[in-house]
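Novice: Provided herewith is a single structure, encoded as structure tokens, for subsequent inquiry.
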Amino acid sequence: MPKSIHSTQPPLKFIPQQFNPFILQIMRWLLPVVLRFSTRPWLPAGIIEISATNVETLAQLYQQFQAGKIRFLIAFRHPEVEDPLCMLYLLSYILPKVARQQGIKLQEPIHSYFLYDRGMTVWGGNWLGWLFSQVGGVPIRRGRRVDRQAIQTARELFCNGEMAIAVAPEGGNNGHSEIVSPLEPGVAQLGFWCVEDLQKAHRSETVVIVPVNIQYSYVNPPWSKLHGLLTKLEADSGLETLDQSGSNSQPEIYYQRLCRLGEYLITEMEEFYRRFYHQDIPKTISIDESATPNEILIARLHRLMDTALQVTEAYLGVQAHGNFIDRCRRLEEAGWNYIYRDDIADINSLPPFKRGLADWVASEADLKMQHMRIVESFVAVSANYIQEKPTAERLAETTLLMFDLLSRIQESTLPGRPRLGLRKAMITVGEPISVTERWQKSQGDRTLTRQAVSELTKDLQTALETLISN
């Protein structure tokens, strides 16, 4: 993760995809090692097993694609940063094996173009942009109302590219294997555009979207390391560690500690915003009298998240609109416009006075955006997620989100998440959804098309939620 920004930066330019089969092959060779032994601070990995179900469906789609019968998009869940590597493993190792077993002949490259957040090169380094471009990646600025170059490139690849295209419709990872964040409409819209482009070219391919779920679990429940991490977070927060002797594998004890730590942190952050940002946060919260302590805590968390976003919105001059995810996206783009200056032709040619002002603006924007980054980590937290299923996985996910919060506040450079244990990834391929059929029912009518895009987005959300293994 980068250190805090103290000076203005060159613009974040579009990085054209330049697919290189040789670089892809090197990635494939290194992939098992990277998944198992990665030491990158933003990629804890430790994945020793990846399995998949219903891969035959994906193999058949690739066969039809290569025969010129369909165009398709892979809409995959994005709970963790490792998801793209798991998808690459699916296409590089599992899919070819299943195709051979089923007697389905596929031609290389068995791969896909993909969209990725342009901000990943900010966190990971410029080398990452080069690597992604070589393996078919297209960068997109998530917060831009219209990232025309990225959208046009994705649209062209979907319709005319030599491979399928993969997109995470959630737009970002939420840290929860068993919660699907609200989907953005871009995937459905790309599907409808692809049908329109094919119709204009008098081509007969059918357009489909295939949902794919990725879910993680620990090989062995990491109770000991989870206890150690919670103990560290309690100490860093100034809380006395509860005596947990003899209860190292009792989920309810960890749940109690998480609730206690969460309530303490919320209380401290509420006072922080009251005192230093002059925010009017009442000591009590208006909520139904029948609300459980959990529901009250989540209501306070959401109020705190709203307050944090308002602080950033006030500085950047952004109107609050939409859900937490929408607001975070717009604030990210607005903040980047203050840091990565498209309006400055040559930063180094600025006179010292103007350069100083530009650096001042960039530094302050980066600092204000940290409020938004904290909110971004908690957009999927709910009142009943752990209660309804107190597994080691769900407890670990929530604990790691709290680790992210404390790390952002304590460090100018995030140290990277600790690895609690070795994990398995389970990939489930869903049934394809025909976009062509929906387009045919709405063609020529803009109102019907907008409704069809909305309905397709909802159906895709339902499909992804259905694929989650309980």
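The values are calculated or read from the model by the stated rules, or taken from the named source; none is laboratory data. This one's a predicted model, so the numbers in the text were calculated from it and none came from an experiment. So basically every Cβ, Gly included, is an ideal-geometry build from the backbone, and we count neighbours across all protein chains shown. Calculation scope for accessible area: heavy atoms of the full protein, side chains included, ligands and nucleic acids excluded. Shrake-Rupley method; radii C 1.70, N 1.55, O 1.52, S 1.80 Å.
Novice: Averaging sequence separations of C-alpha pairs under 8 Å and six or more residues apart, then dividing by the length of the chain, give the relative contact order as a whole percent.
Specialist: Worked out over the chain, it gives 29 percent.
Novice: How big is segment 382-470 by the Kirkwood estimate over distinct Cα pairs, in Å?
Specialist: 17.3
Novice: Under a crude label model (7 Å from the Cα following the beta-carbon direction), how far is K283 from L357 in nanometres?
Specialist: 4.6
Novice: Another one. Report the accessible area of C194, computed with a 1.4 Å probe over the heavy atoms of all protein chains in place, in Å² rounded to the nearest 10.
Specialist: Here the accessible area works out near 0 Å².
Novice: Here is a follow-up. Could you bin all the Cα-Cα distances of segment 6-153 into 10 Å bins starting at 0 and give me the percent of pairs in each, rounded to whole numbers?
Specialist: 10, 35, 36, 16, 2, 0
Novice: While we're here: Would you give the gap between the C-alpha center of segment 325-401 and the C-alpha center of segment 109-181, rounded to a whole Å?
Specialist: 19
Novice: When the helices in the chain are scored as -39500 (n - 2.57) per DSSP H run of 4 or longer and the sum is shared across all residues, what 222 nm value do you end up with, to the nearest 500 deg cm²/dmol?
Specialist: -17000 deg cm²/dmol
Novice: Now for a separate question. Would you mind giving the three semi-axes, in whole Å and largest first, of the ellipsoid equivalent to segment 258-405 according to its Cα gyration tensor?
Specialist: 35, 17, 13
Novice: Starting from one equal scatterer on each C-alpha and no solvent at all, send me the Debye-based log10 I(q)/I(0) for segment 313-470 at q = 0.11, 0.13, 0.19 Å⁻¹, two decimals.
Specialist: Once normalised to I(0) and log-transformed, intensities are -0.78, -0.96, -1.21.
Novice: Rounded to whole Hz and in sequence order, give me ³J(HN,Hα) for segment 68-77 from the Karplus expression 6.51 cos²θ - 1.76 cosθ + 1.60, θ = phi - 60°, writing x for Gly and Pro.
Specialist: Ordered by residue, 3J(HN,Hα) equals x, 9, 9, 10, 9, 10, 8, 9, 9, 5 Hz.
Novice: Please compute the Kirkwood hydrodynamic radius of the chain from all pairs of different C-alpha atoms, in Å with one decimal.
Specialist: By the Kirkwood definition, the hydrodynamic radius is 23.9 Å.
Novice: How fast does segment 172-261 diffuse by Stokes-Einstein, in µm²/s, taking the Kirkwood radius from C-alpha pairs at 10 °C and 1.306 mPa s?
Specialist: Rounded, D is 89 µm²/s.
Novice: Next question, about the same structure. Please express the shape of segment 205-328 as an equivalent ellipsoid: the semi-axes are the square roots of 5 times the eigenvalues of the C-alpha gyration tensor, given largest first in whole angstrom.
Specialist: After scaling each eigenvalue by five and taking roots: 30, 28, 15 Å.
Novice: What do you get for GluC sites (Glu not before Pro) in segment 345-417 restricted to DSSP loop and a cutoff of at most 14 other Cβ within 10 Å of the site's Cβ?
Specialist: Sites meeting the loop and neighbour criteria: E388, E411.
Novice: Tell me the relative contact order for segment 365-470 as a rounded percent, counting alpha carbon contacts under 8 Å between residues six or more apart.
Specialist: 19
Novice: Ok, one more. So what is the accessible area of the chain per residue, in Å², with the probe set to 1.4 Å?
Specialist: Heavy-atom accessible area per residue stands at 48 Å².
Novice: Right, here's the next one. Checking the table K13/K368; K389/K458; K97/K200; K13/K458 against a 29 Å threshold on Cα-Cα, which pairs fail?
Specialist: Among K13/K368; K389/K458; K97/K200; K13/K458, the Cα-Cα distance tops 29 Å for K97/K200; K13/K458.
Novice: Name the long-range amide H neighbours of R71: under 5 Å, sequence gap of 5 or more, or other chain; modelled H, no Pro or chain starts.
Specialist: Under 5 Å from the amide H of R71 lie the amide H atoms of T206, V207, V208, each far enough along the sequence or on another chain.
Novice: Given an 8 Å cut-off on Cα distances and at least 6 residues of separation, report the relative contact order of segment 44-201 as a percent.
Specialist: Answer for segment 44-201 is 29 percent.
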